[in-house]
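Let me begin by presenting the structure, written as structure tokens, before commenting on it.
The values are calculated or read from the model by the stated rules, or taken from the named source; none is laboratory data. Computed from a predicted model, the values in this text were never measured in an experiment. A quick note on method: Cβ atoms are made from the backbone with ideal geometry, for glycine too, and the neighbour counts reach across all protein chains shown. Remember, those area values only see protein heavy atoms, side chains included, never the ligands or the DNA or RNA. Shrake-Rupley method; radii C 1.70, N 1.55, O 1.52, S 1.80 Å.
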Amino acid sequence: MKLFYSPGACSLSPHIVLRETGLPFELEKVDLRSKQTESGADFMAINPKGYVPALKLDDGSVLTEGPAIVQYLADRAPASKLAPANGTIERYHLQSWLNFIGTEVHKQFSPLFNPQITPEARANVVAALNRRFDLIDKALIDVPYLTGAEFTVADAYLFTVMNWSGLHKIDLTRWPALQQFQARVATRPAVQGALKSEGLIK
């Protein structure tokens, strides 16, 4: 398998999951502006959507969309316990979190990456994110991870998007459970490995 990624982007989530599973994989960096991969390939020919992550499977087919990719990887390595079994209510709870993170947190961050965003628009985006953080912090008060005691693919995704808080100077002090979650996940060897590999930490 080959993961097409951009450092620190949402592709960090499947990168972490790949390392958690122990499955063999390759990495290829993508320049999202030029749409060229590190090897000089046209990324638009690999993923016409033009964004990461994209996972090239061993049969040559390509899987896109982070929540789909991480569930595929978890199902390839069931012993890792990164996702409950398909068809169980626990799996649907996991999917609920993946959808919430994708639509209510990940996409809420998107306008902040626009350098032309006005101060008023930024304030509105941050206020909306704050309401989402309130919900997540409450869910994490009594458990180490989103679905309970076990680290799952949803935690990898949440950790990835919450890392953008520092980039956009959003202080997480008012959400101690969320802060502790970020610190807890950051110590995992797979997370450290992914962060180092992408040049995000030394």
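Looking at (1) in contact with a Lys or Arg (Cβ under 8 Å, 6 or more places away or on another chain); (2) surrounded by 19 or more Cβ atoms within 10 Å (Cβ to Cβ), find the lone condition where residue 28 falls short.
Single failed check for residue 28: (2).
Among the residues of the range 64-118, what is the count of those that are in contact with a Lys or Arg (Cβ under 6 Å, 6 or more places away or on another chain) and either within 21 Å of residue 131 (Cα to Cα) or aromatic (Phe, Trp, Tyr) (or both)?
The number of residues fulfilling the criteria is 2.
So is residue 33 assigned to a loop (DSSP other than H, G, I, E, B) and open to solvent by 10 Å² or more (accessible area, probe 1.4 Å) or not? Full working, then the answer.
Working: assigned to a loop (DSSP other than H, G, I, E, B): yes; open to solvent by 10 Å² or more (accessible area, probe 1.4 Å): yes.
When the stated conditions are applied, residue 33 passes them.
Here's a check for you: in the range 79-99, which residue that is open to solvent by 60 Å² or more (accessible area, probe 1.4 Å) and in a helix (DSSP H, G or I) is farthest from residue 5 (Cα to Cα)?
Here the answer is 89.
Quick one: would you say residue 102 is assigned to a helix (DSSP H, G or I), of a type in the set (Gly, Ala, Ser) and either open to solvent by less than 40 Å² (accessible area, probe 1.4 Å) or touching a strand residue (DSSP E or B) at 6+ places or on another chain (Cβ under 9 Å) (or both)? Break it down into steps so the answer makes sense when it comes.
Values: assigned to a helix (DSSP H, G or I): yes; of a type in the set (Gly, Ala, Ser): yes; either open to solvent by less than 40 Å² (accessible area, probe 1.4 Å) or touching a strand residue (DSSP E or B) at 6+ places or on another chain (Cβ under 9 Å) (or both): yes.
Considered against the rule, which asks whether it is assigned to a helix (DSSP H, G or I), of a type in the set (Gly, Ala, Ser) and either open to solvent by less than 40 Å² (accessible area, probe 1.4 Å) or touching a strand residue (DSSP E or B) at 6+ places or on another chain (Cβ under 9 Å) (or both), residue 102 comes out as yes.
If you scan the range 52-78, which residues turn out to be in a loop (DSSP other than H, G, I, E, B), of a type in the set (Gly, Ala, Ser) and loosely packed, with under 15 Cβ neighbours inside 10 Å? Break it down into steps so the answer makes sense when it comes.
The first filter runs over the range 52-78 and keeps only residues in a loop (DSSP other than H, G, I, E, B), leaving 52-53, 57-61, 65, 77.
Subset that is of a type in the set (Gly, Ala, Ser): 60-61, 77.
Within the range 52-78, 60, 61 qualify.
Check off (1) open to solvent by 10 Å² or more (accessible area, probe 1.4 Å); (2) within 14 Å of the chain's Cα centre (by Cα) for residue 41 and give me the number that stays unchecked.
(2)
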